[in-house]
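Below is one structure, written out as structure tokens, with a few remarks after it.
What follows is calculated from the coordinates using simple rules that are stated; it is not laboratory data. Being a predicted model, the structure only gives us computed values, none of them experimental. Don't worry about glycine lacking a Cβ; one is built from the backbone with ideal geometry, like all the others, and counts go over all protein chains shown.
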Amino acid sequence: MKLNIAVLPGDGIGPEVTQQAIKILDTIAEKYNHTFKYLKADVGAIAIDKTGNPLPEETIDICLNADAILFGAIGDPKYDEDPNAKIRPEQGLLALRKKLGLFANIRPLTTFNGLIHQSNLKEEVIKGTDFVIYRELTGGIYFGDKKLSDDGKMATDVCSYSIDEIDRIAHLAFKAAQKRRKKLTLVDKANVLESSRLWRKRVTELSKNYSNVKLEYLFVDNAAMQLILNPSQFDVILTENMFGDILSDEASVIAGSIGLLASASVGDKTALFEPIHGSYPQAKGKNIANPVAAILSAAMLLEHFNLNDEAEDIKAAVDKSIELNISTPDLNLENHFSTANVGSFIRDFILDEDNTFYNKNNIDLGQSTII
Ligand code: IPM
Ligand code: MN
């Protein structure tokens with residue numbers, strides 16, 4: 001298969017983790033005889049520095065003409081610390097989501113055998129957890145009218161949803177549930193918010209078309225608690241933009257690190273694949289950031305084109321790296337490996353079909369020849 005992939009490394013650790021994802025895509029291309037071409041483009045703080053615009057026209061063109069987009073991370077402390085900044089890096093990502101009509105952000109959450117024992121949560125609580133969050137991505141409070149009164153003493157953000165916006169992601173979530181364990185949990189705040197009541201009404205109506213899917217409802221405050229108390233109850237979680245943003249960071253604790261979680265954003269045009277983590281500016285350029293979320297985002301990209309064996313190869317290699325503790329400091333404080341080392345191990349494991357190349361004893365001693 002030939003794919004033109006727009007690569008938007010963005011800010012902070014974005015470039016270094018994206019580089020590892022490309023390394024792995026090249027490995028897959030080599031092994032399976034695909035041709036992946038990459039076109040780099042700027043977004044976020046780096047784009048503001050170069051052009052004054054967090055999402056330059058050229059970047060939009062590159063994305064619209066590509067088959068898929070691989071995205072790194074966005075954000076820079078110099079803007080976080082300045083609430084008066086008129087132009088912000090995050091506007092680049094939000095505008096990109098809107099321009100490309102990326103209305104559904106799909107965030108899978110599973111546990112890794114190699115990490116389950118060292119989680120902040122009890123092993124018996126998180127064991128068997130396997131769910132996916134369908135987060136609405138182009139509506140709600142993120143995109144509603146924003147106002148600051150002239151005297152600067154009052155601010156407003158409007159949260160609105162239309163039934164069309166609810167329906168299109170709800171259909172995707174129901175279809176996903178049909179292919180999984182056939183349970184869909186709608187997370188909202190229907191006891192307080194009008195927009196949530198519309199979500200409940202529409203999703204309940206739509207559920208009649210998916211009679212084999214069990215629909216449940218949870219208020220978001222309760223959902224936040226249930227995620228930690230009993231995460232294995234969930235199969236597909238459907239929710240609006242901001243609730244999904246918050247709950248997915250919370251859920252990353254179940255996996256072991258936010259550096260492990262990938263996502264796919266799909267909609268009307270080119271699909272985008274990105275880690276759920278931010279730009280982690282403290283780690284920028286230090287070669288310590290976890291590349292796994294970026295690498296698993298590349299796996300989701302391949303799945304999007306039905307390259308499922310290829311994606312499975314990546315996931316198996318990631319599992320192996322975690323099992324062998326070939327991990328960055330967020331997972332392995334002692335004897336940790338660098339961002340590039342982890343990427344190289346995953347690459348070599350994918351190429352080493354018979355597993356003859358790696359030597360577990362050497363890896364345990366930190367002397368492996370393949371990293
Ligand atoms: C995410 C991020 C973004 C969001 C930020 C960077 C705008 O936190 O993708 O989850 O809030 O959607
Ligand atoms: Mn977020």
- Item | C-alpha long axis of helix 14-32 to longest principal axis of the chain, angle in ° | 60 degrees
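Please report the relative contact order for the stretch 120-255, taking Cα pairs under 8 Å with a sequence separation of at least 6, and give it as a percent rounded to a whole number.
On the way: 218 pairs, mean separation 53.4, N = 136.
With pairs under 8 Å counted, the relative contact order is 39 percent.
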- Query: What list of ³J(HN,Hα) couplings, whole Hz, do you get for the stretch 307-321 from phi and the Karplus terms 6.51, -1.76, 1.60, once you set θ to phi - 60° and write x for glycine and proline?
  - Reply: 8, 6, 4, 4, 5, 4, 4, 5, 5, 5, 5, 5, 4, 5, 4
- Note on the structure: Measuring from its Cα centre, the stretch 120-255 shows a charge dipole (+1 at each Lys and Arg Cβ, -1 at each Asp and Glu Cβ) which, in debye to the nearest 20, is 700 debye
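By per-residue mean of other Cβ atoms within 10 Å, what is the highest-first order of 142-149, 272-279?
Values: 142-149: 12.6, 272-279: 25.1.
Top of the packing list down: 272-279, 142-149.
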- Tabulate in residue order the Karplus-calculated ³J(HN,Hα) for the stretch 138-155, using 6.51 cos²θ - 1.76 cosθ + 1.60 with θ = phi - 60°, rounded to whole Hz; enter x for Gly and Pro. 10, x, x, 5, 4, 10, x, 4, 10, 9, 10, 5, 4, 7, x, 9, 8, 10
- Message: Using Cα-Cα distances under 8 Å and only pairs 6 or more residues apart, what relative contact order does the stretch 212-322 have, in percent?
- Response: 18 percent
- Query: Which angle from 0 to 90°, rounded to the nearest 10, does the C-alpha axis of helix 292-304 make with the longest principal axis of the chain?
  - Reply: 70 degrees
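By per-residue mean of other Cβ atoms within 10 Å, what is the highest-first order of 203-212, 237-246? Mind showing how you got there, number by number?
On the way: 203-212: 13.4, 237-246: 23.2.
In decreasing order of mean packing, 203-212, 237-246 become 237-246, 203-212.
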- the chain: relative contact order in percent, alpha carbon pairs under 8 Å with at least 6 residues between: 21 percent
- Item | Between the stretch 248-274 and the stretch 135-161, the alpha-carbon center distance in angstrom | 24 Å
- Note on the structure: Projected onto the charge dipole of the chain (unit charges on the beta-carbon of Lys, Arg, Asp and Glu, signs +1, +1, -1, -1), the Cα from Gly52, Asn341, Ala68 with the largest positive-side position is that of Ala68
- Task: Mind scanning Lys99/Lys269; Lys183/Lys208; Lys31/Lys179; Lys50/Lys146; Lys86/Lys269 and naming the pairs with a C-alpha gap bigger than 18 Å?
- Result: Lys31/Lys179; Lys50/Lys146; Lys86/Lys269
- For the stretch 120-255: rounded, prolate or oblate by the Cα gyration tensor [a/c cutoff 1.5]: oblate
- Task: Measure nothing but the geometry: give the 0 to 90° angle between the long axis through the Cα atoms of 220-229 and the longest principal axis through the Cα atoms of the chain, rounded to 10°.
- Result: 30 degrees
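So, with +1 on the Cβ of K and R and -1 on the Cβ of D and E, and no other charges, what is the size of the charge dipole of the chain about its Cα centre, to the nearest 20 debye?
Dipole size: approximately 880 debye.
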- Task: Please name whichever of Thr156, Thr129, Val213 sits farthest to the positive end of the charge dipole of the stretch 120-255, dipole taken about the Cα centre and charges placed at Cβ: Lys and Arg +1, Asp and Glu -1.
- Result: Val213
- Looks like the stretch 214-258, by Cα gyration tensor root eigenvalues a ≥ b ≥ c and the a/c under 1.5 rounded cutoff (else prolate when a/b is bigger than b/c, oblate otherwise), is oblate
- Item | Mean Cβ neighbour count within 10 Å, used as a protection proxy, ranking 166-173, 183-190, 228-235 highest first | 183-190, 166-173, 228-235
